[in-house]
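Shown next, in structure tokens, is the structure this report addresses.
The values are calculated or read from the model by the stated rules, or taken from the named source; none is laboratory data. These numbers come from a predicted model, not from an experiment. Virtual Cβ from ideal backbone geometry, glycine too; neighbours counted across all protein chains shown. Side chains are part of the model used for accessible areas, which takes the heavy atoms of the whole protein and leaves out ligands, DNA and RNA. Shrake-Rupley method; radii C 1.70, N 1.55, O 1.52, S 1.80 Å.
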Amino acid sequence: MKIQANTIRPGNVIEHAEKQWTVLKTEMLLPGKGNAFIQVEMRDIKSGNKTNERFRTSETVEKLMVEENDATYLYADGDQVTFMDSKNYEQFTLNRASIGDSAAFLQEGMMVTAELIDGVITGVRLPQHVTMEVVEADPVVKGQTASSSYKPSIVENNVRVMVPPHIEAGTRIVVNTEDATYVERAKD
């Protein structure tokens, strides 16, 4: 289905230059002179390579229809990650690069959304939030009273997350899987 370039959103799958791409980020750019355009960061579904492309807002692109199935994360073996389809119980394997940075947040038994195009699994989408334990947190700097100040911490999967000053090692927090940002303290 053809859509205007200015309606491209993160998560869309588009066809461009005879390849299928997952849209990661979009940004509308309005130069001082000339027409507006949209900057799109996208990942090639097959190779996992990222690229940035600019489209004029009046251009049209081919948006692909994506079917979604529930799946369960089973295990990882090096760069290969194995899942099981919840409908037919068939297992499928994807390269960690095709999942992106959010692959670090996979937890055994986690329910994910498998994305299919023409019956072929092209990727998975994790839940937006996961609960993780902080294993290492920098001490609070004296005099750092601004409410917007954050300090670095490491969560149980070795991902660096900026957290508020009151968060200490051993605290369970909710993390956004898309950009590895702190959401809130977990309610135990």
- Cα-centred dipole magnitude for region 30-164, charges only on beta-carbon of K, R (+1) and D, E (-1), debye, nearest 20: 800
- Percentage relative contact order, region 75-180, counting C-alpha pairs under 8 Å, at least six apart: 23
- region 1-63 pair-distance distribution - Cα-Cα, 10 Å bins, rounded %: 24, 56, 18, 2
- Task: With a 1.4 Å probe and every protein chain left in place, tell me how much accessible area residue 79 has, in Å² to the nearest 10.
- Result: 100
- Item | Lysine pair count for the chain [Cα-Cα under 28 Å; pairs on different chains or 8 or more apart] | 21
- Item | Coil-residue chymotrypsin sites (Phe, Trp or Tyr not before Pro) of region 1-102, DSSP, other Cβ within 10 Å capped at 11 | 89
- With a/c under 1.5 counting as rounded, go ahead and sort the chain into rounded, prolate or oblate using the C-alpha gyration tensor (a ≥ b ≥ c being the square roots of the eigenvalues; past the cut-off, prolate if a/b is larger than b/c, else oblate). oblate
- Message: With n ≥ 4 as the cut-off for DSSP H runs, can you work out [θ] at 222 nm for the chain, using -39500 (n - 2.57) per run divided by the number of residues, rounded to the nearest 500?
- Response: -500 deg cm²/dmol
- Note on the structure: region 85-188: spread of alpha-carbon positions along the three principal axes, whole Å, largest first, is 57, 24, 19
- Message: Quick check: convex hull of the Cα atoms in region 38-91, volume per residue, rounded to a whole Å³?
- Response: 119
- Rg(Cα)/(2.2 N^0.38 Å) for region 43-127, N = residue count: 1.20
- Checking 103, 71, 36 against a Gaussian network model of the chain (alpha-carbon springs below 10 Å), the top fluctuating residue turns out to be 36
- Note on the structure: Percent relative contact order for the chain, counting Cα pairs under 8 Å at least six residues apart, stands at 14
